[in-house]
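The values are calculated or read from the model by the stated rules, or taken from the named source; none is laboratory data. Since the model is a prediction, treat every value here as computed from it, not as a measurement. Methodologically, a virtual Cβ is constructed for each residue, glycine included, from the backbone with ideal geometry; neighbour enumeration extends over all protein chains shown. Areas reflect the complete protein model, heavy atoms only, side chains present, ligands, DNA and RNA absent. Shrake-Rupley method; radii C 1.70, N 1.55, O 1.52, S 1.80 Å.
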Amino acid sequence: MALREILSIPDSKLRLVSDPVTSFDDALKALIDDMFETMYDAPGIGLAAIQIGVPLRVVTMDLAKKDEPKQPQVFINPEVTWRSEEKSTYEEGCLSIPDYYEEVERPSAVKVRYFDIAGKAHEIEADGLLATCLQHEIDHTNGVLFIDYISKLKRDMVMKKFRKAAKRGHPHPPRDKKAHVV
Ligand code: K1U
Ligand code: ZN
(Lines give C-alpha, C1' and ligand atoms only; values in the text may rest on other atoms or scores of the structure.)
(Ligands and ions follow the chains in the order given, each with its own letter.)
Protein backbone atom coordinates (compact mmCIF):
# COMPACT_ATOMS: atom_id res chain seq x y z
CA MET A 1 0.00 0.00 0.00
CA ALA A 2 1.24 3.50 -0.76
CA LEU A 3 0.03 7.01 -0.20
CA ARG A 4 -0.18 8.73 -3.59
CA GLU A 5 -0.08 12.43 -4.44
CA ILE A 6 -3.49 13.90 -5.30
CA LEU A 7 -3.36 16.08 -8.40
CA SER A 8 -4.80 19.60 -8.12
CA ILE A 9 -6.14 21.95 -10.78
CA PRO A 10 -4.76 23.19 -13.17
CA ASP A 11 -3.08 19.79 -13.81
CA SER A 12 -4.19 18.88 -17.35
CA LYS A 13 -4.35 15.15 -16.48
CA LEU A 14 -7.57 15.91 -14.58
CA ARG A 15 -9.18 16.64 -17.97
CA LEU A 16 -8.34 13.22 -19.48
CA VAL A 17 -11.09 10.73 -20.33
CA SER A 18 -10.02 7.60 -18.45
CA ASP A 19 -9.79 4.15 -20.08
CA PRO A 20 -12.00 1.23 -19.07
CA VAL A 21 -10.47 -1.48 -16.88
CA THR A 22 -9.98 -4.69 -18.88
CA SER A 23 -7.90 -6.82 -16.45
CA PHE A 24 -9.21 -7.62 -12.98
CA ASP A 25 -5.78 -8.57 -11.71
CA ASP A 26 -3.36 -7.96 -8.81
CA ALA A 27 -2.23 -4.63 -10.30
CA LEU A 28 -5.86 -3.41 -10.11
CA LYS A 29 -6.11 -4.59 -6.47
CA ALA A 30 -2.86 -2.71 -5.65
CA LEU A 31 -4.22 0.45 -7.31
CA ILE A 32 -7.46 0.19 -5.30
CA ASP A 33 -5.50 -0.30 -2.04
CA ASP A 34 -3.47 2.83 -2.79
CA MET A 35 -6.64 4.77 -3.62
CA PHE A 36 -8.27 3.86 -0.28
CA GLU A 37 -5.13 4.76 1.65
CA THR A 38 -4.92 8.10 -0.17
CA MET A 39 -8.67 8.84 0.17
CA TYR A 40 -8.78 8.07 3.92
CA ASP A 41 -5.62 10.08 4.52
CA ALA A 42 -6.88 13.19 2.65
CA PRO A 43 -9.55 12.79 4.12
CA GLY A 44 -12.23 12.36 1.46
CA ILE A 45 -15.42 10.43 0.87
CA GLY A 46 -14.56 9.51 -2.73
CA LEU A 47 -11.64 9.31 -5.14
CA ALA A 48 -11.26 8.61 -8.85
CA ALA A 49 -8.03 6.99 -10.11
CA ILE A 50 -7.23 9.96 -12.36
CA GLN A 51 -6.92 12.13 -9.22
CA ILE A 52 -3.73 10.17 -8.44
CA GLY A 53 -2.69 10.37 -12.10
CA VAL A 54 -3.93 6.93 -13.24
CA PRO A 55 -6.28 7.25 -16.25
CA LEU A 56 -8.44 4.19 -15.47
CA ARG A 57 -12.19 4.14 -14.73
CA VAL A 58 -11.87 3.21 -11.05
CA VAL A 59 -13.66 4.92 -8.14
CA THR A 60 -13.34 4.35 -4.39
CA MET A 61 -15.84 5.68 -1.86
CA ASP A 62 -16.73 5.54 1.82
CA LEU A 63 -19.80 7.44 3.01
CA ALA A 64 -19.73 6.14 6.59
CA LYS A 65 -20.13 8.82 9.26
CA LYS A 66 -17.29 9.49 11.75
CA ASP A 67 -18.79 7.26 14.49
CA GLU A 68 -19.69 4.40 12.11
CA PRO A 69 -17.51 1.48 10.95
CA LYS A 70 -15.77 1.94 7.60
CA GLN A 71 -17.89 1.16 4.51
CA PRO A 72 -15.38 0.96 1.64
CA GLN A 73 -17.01 0.72 -1.81
CA VAL A 74 -15.36 0.25 -5.21
CA PHE A 75 -16.92 1.02 -8.57
CA ILE A 76 -15.07 -0.17 -11.68
CA ASN A 77 -16.12 1.13 -15.11
CA PRO A 78 -19.13 2.90 -13.52
CA GLU A 79 -21.75 4.16 -15.94
CA VAL A 80 -24.95 6.15 -15.31
CA THR A 81 -27.81 4.23 -16.97
CA TRP A 82 -30.71 6.40 -15.70
CA ARG A 83 -31.10 9.90 -14.19
CA SER A 84 -34.17 11.19 -12.32
CA GLU A 85 -35.99 14.28 -13.64
CA GLU A 86 -35.98 15.59 -10.07
CA LYS A 87 -32.88 17.58 -9.13
CA SER A 88 -31.21 18.29 -5.79
CA THR A 89 -28.49 20.65 -4.67
CA TYR A 90 -25.47 19.71 -2.54
CA GLU A 91 -22.46 21.76 -1.45
CA GLU A 92 -19.65 19.81 -3.12
CA GLY A 93 -15.93 19.76 -2.48
CA CYS A 94 -13.14 18.09 -4.42
CA LEU A 95 -9.77 16.77 -3.26
CA SER A 96 -8.31 18.18 -6.51
CA ILE A 97 -9.63 21.67 -5.64
CA PRO A 98 -8.76 21.87 -1.93
CA ASP A 99 -10.71 24.22 0.36
CA TYR A 100 -13.22 25.25 -2.29
CA TYR A 101 -16.90 24.36 -1.87
CA GLU A 102 -19.85 25.31 -4.03
CA GLU A 103 -23.48 24.26 -4.45
CA VAL A 104 -24.06 22.02 -7.45
CA GLU A 105 -27.43 20.89 -8.83
CA ARG A 106 -27.60 17.33 -10.16
CA PRO A 107 -30.28 14.63 -10.68
CA SER A 108 -31.51 13.51 -7.22
CA ALA A 109 -31.34 9.82 -8.12
CA VAL A 110 -29.37 7.75 -10.62
CA LYS A 111 -28.95 4.13 -11.66
CA VAL A 112 -25.31 3.12 -12.05
CA ARG A 113 -23.92 -0.02 -13.67
CA TYR A 114 -20.44 -1.05 -12.57
CA PHE A 115 -18.12 -4.00 -12.00
CA ASP A 116 -16.73 -5.13 -8.65
CA ILE A 117 -13.11 -6.09 -7.99
CA ALA A 118 -13.80 -9.69 -9.11
CA GLY A 119 -15.16 -8.48 -12.45
CA LYS A 120 -18.83 -9.17 -11.58
CA ALA A 121 -21.41 -6.74 -13.03
CA HIS A 122 -23.89 -4.89 -10.76
CA GLU A 123 -26.51 -2.18 -11.11
CA ILE A 124 -27.64 0.01 -8.20
CA GLU A 125 -30.17 2.80 -7.78
CA ALA A 126 -28.75 5.60 -5.64
CA ASP A 127 -30.14 8.77 -4.07
CA GLY A 128 -28.91 11.29 -1.50
CA LEU A 129 -25.15 11.61 -0.94
CA LEU A 130 -24.42 8.32 -2.77
CA ALA A 131 -26.07 9.69 -5.94
CA THR A 132 -24.17 13.00 -5.65
CA CYS A 133 -20.83 11.33 -4.95
CA LEU A 134 -21.26 8.75 -7.75
CA GLN A 135 -22.02 11.52 -10.27
CA HIS A 136 -19.05 13.60 -9.03
CA GLU A 137 -16.67 10.61 -9.34
CA ILE A 138 -18.02 9.39 -12.69
CA ASP A 139 -17.50 12.96 -13.93
CA HIS A 140 -13.81 12.65 -12.90
CA THR A 141 -13.49 9.53 -15.09
CA ASN A 142 -14.71 11.70 -17.98
CA GLY A 143 -12.43 14.68 -17.24
CA VAL A 144 -15.28 16.76 -15.81
CA LEU A 145 -14.91 18.76 -12.55
CA PHE A 146 -17.68 20.16 -10.34
CA ILE A 147 -16.49 23.71 -11.12
CA ASP A 148 -17.69 23.07 -14.70
CA TYR A 149 -21.25 23.46 -13.31
CA ILE A 150 -20.72 26.86 -11.61
CA SER A 151 -20.68 30.30 -13.26
CA LYS A 152 -17.80 31.11 -15.61
CA LEU A 153 -16.95 34.11 -13.43
CA LYS A 154 -16.53 31.94 -10.29
CA ARG A 155 -14.70 29.21 -12.24
CA ASP A 156 -12.26 31.71 -13.75
CA MET A 157 -11.54 33.16 -10.29
CA VAL A 158 -10.88 29.71 -8.80
CA MET A 159 -8.65 28.70 -11.75
CA LYS A 160 -6.71 31.97 -11.43
CA LYS A 161 -5.99 31.38 -7.71
CA PHE A 162 -4.86 27.79 -8.27
CA ARG A 163 -2.73 28.74 -11.34
CA LYS A 164 -1.02 31.43 -9.25
CA ALA A 165 -0.36 28.93 -6.42
CA ALA A 166 0.98 26.31 -8.90
CA LYS A 167 3.36 28.91 -10.40
CA ARG A 168 4.76 29.44 -6.89
CA GLY A 169 5.16 25.67 -6.48
CA HIS A 170 2.19 25.25 -4.11
CA PRO A 171 -0.56 22.65 -4.74
CA HIS A 172 -3.27 25.08 -3.61
CA PRO A 173 -3.76 28.76 -2.62
CA PRO A 174 -2.82 29.79 0.97
CA ARG A 175 -5.40 28.44 3.46
CA ASP A 176 -5.97 31.84 5.15
CA LYS A 177 -6.99 33.29 1.79
CA LYS A 178 -9.77 30.82 1.00
CA ALA A 179 -10.55 30.18 -2.66
CA HIS A 180 -14.25 30.50 -1.76
CA VAL A 181 -15.84 33.07 -4.07
CA VAL A 182 -19.08 34.69 -2.92
O1 K1U B 1 -13.69 13.25 -5.73
C2 K1U B 1 -13.28 13.96 -4.84
O3 K1U B 1 -12.59 14.95 -5.10
C4 K1U B 1 -13.60 13.62 -3.41
C5 K1U B 1 -14.73 14.47 -2.84
C6 K1U B 1 -16.04 13.75 -3.06
C7 K1U B 1 -17.29 14.55 -2.97
C8 K1U B 1 -17.55 15.38 -1.89
C9 K1U B 1 -18.74 16.09 -1.83
C10 K1U B 1 -19.67 15.96 -2.82
C11 K1U B 1 -19.40 15.14 -3.88
C12 K1U B 1 -18.22 14.43 -3.96
C13 K1U B 1 -14.44 14.67 -1.37
O14 K1U B 1 -14.35 13.75 -0.63
S15 K1U B 1 -14.25 16.29 -0.80
C16 K1U B 1 -14.04 16.09 0.96
C17 K1U B 1 -15.30 15.79 1.68
O18 K1U B 1 -16.38 15.97 1.14
C19 K1U B 1 -15.27 15.26 3.07
C20 K1U B 1 -14.09 15.02 3.71
C21 K1U B 1 -14.09 14.54 5.01
C22 K1U B 1 -15.27 14.29 5.67
C23 K1U B 1 -16.46 14.55 5.04
C24 K1U B 1 -16.47 15.02 3.73
ZN1 ZN C 1 -13.47 15.59 -7.03
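What the table below lists for this structure:
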| item | result |
| --- | --- |
| Linear extension gain, L129 paired with R168, 0.36 nm per residue minus alpha-carbon span | 10.5 nm |
| Unit charges on C-beta of K, R, D, E only; dipole of the stretch 92-156, Debye | 200 debye |
| Heavy-atom accessible area ranking, 1.4 Å probe, most first, across Y100, Y90, Y40, Y114 | Y90, Y40, Y114, Y100 |
| Two-site label geometry, E79 and E5: point separation in nm, points 7 Å out along Cα→Cβ | 3.4 nm |
| Net charge of Cβ neighbours under 10 Å - reference P78; Lys, Arg +1; Asp, Glu -1 | 0 |
| Of N77, P55, A118, farthest towards positive along the dipole that unit charges on Lys, Arg, Asp, Glu beta carbons give the stretch 19-174 | P55 |
| Amide H contacts under 5 Å for D19, placed H, 5+ residues apart | L56, R57 |
| Qualifying trypsin sites (Lys or Arg not before Pro) for the stretch 84-158 [loop in DSSP, other Cβ within 10 Å: at most 11] | K120 |
| ³J(HN,Hα), Karplus 6.51/-1.76/1.60, whole Hz, each residue of the stretch 169-175, x for Gly, Pro | x, 9, x, 8, x, x, 5 |
| Kirkwood Rh, Cα atoms: Rg over Rh of the chain | 0.95 |
| The chain - charge dipole about Cα centre, Lys and Arg +1 at Cβ, Asp and Glu -1, debye rounded to 20 | 1020 debye |
| Cα-Cα P(r), the stretch 1-72, percent of pairs per 10 Å interval | 20, 50, 27, 4 |
| Backbone HN-Hα couplings from phi across the stretch 94-105 [Karplus 6.51/-1.76/1.60, Hz, Gly and Pro as x] | 8, 5, 8, 9, x, 6, 10, 10, 8, 6, 10, 9 |
| Unit charges on C-beta of K, R, D, E only; dipole of the stretch 25-122, Debye | 440 debye |
| Long-range amide H partners of G53 with built H, under 5 Å | L7 |
| The chain: relative contact order as a whole-number percent, Cα under 8 Å and 6+ apart | 22 percent |
| Sequence-distant residues sharing a close amide H with L63 (under 5 Å, placed H) | Q71 |
| Per-residue ³J(HN,Hα) for the stretch 139-147, Karplus 6.51 cos²θ - 1.76 cosθ + 1.60, θ = phi - 60°, Hz, x for Gly and Pro | 4, 4, 5, 10, x, 9, 10, 4, 5 |
| For D127, solvent-accessible area (1.4 Å; no DNA, RNA or ligand), Å² | 110 Å² |
| Cα lying deepest toward the dipole's positive end in the stretch 85-182, options C133, P171, A109, charges on Cβ | P171 |
| Farthest positive-ward along the chain dipole, Cα basis, beta-carbon charges - from P98, L3, G46 | P98 |
| Solvent-accessible surface (1.4 angstrom probe) belonging to T132, in square angstrom, nearest 10 | 20 Å² |
| Helix axis angle, 26-41 relative to the chain longest principal axis, alpha carbon, degrees | 40 degrees |
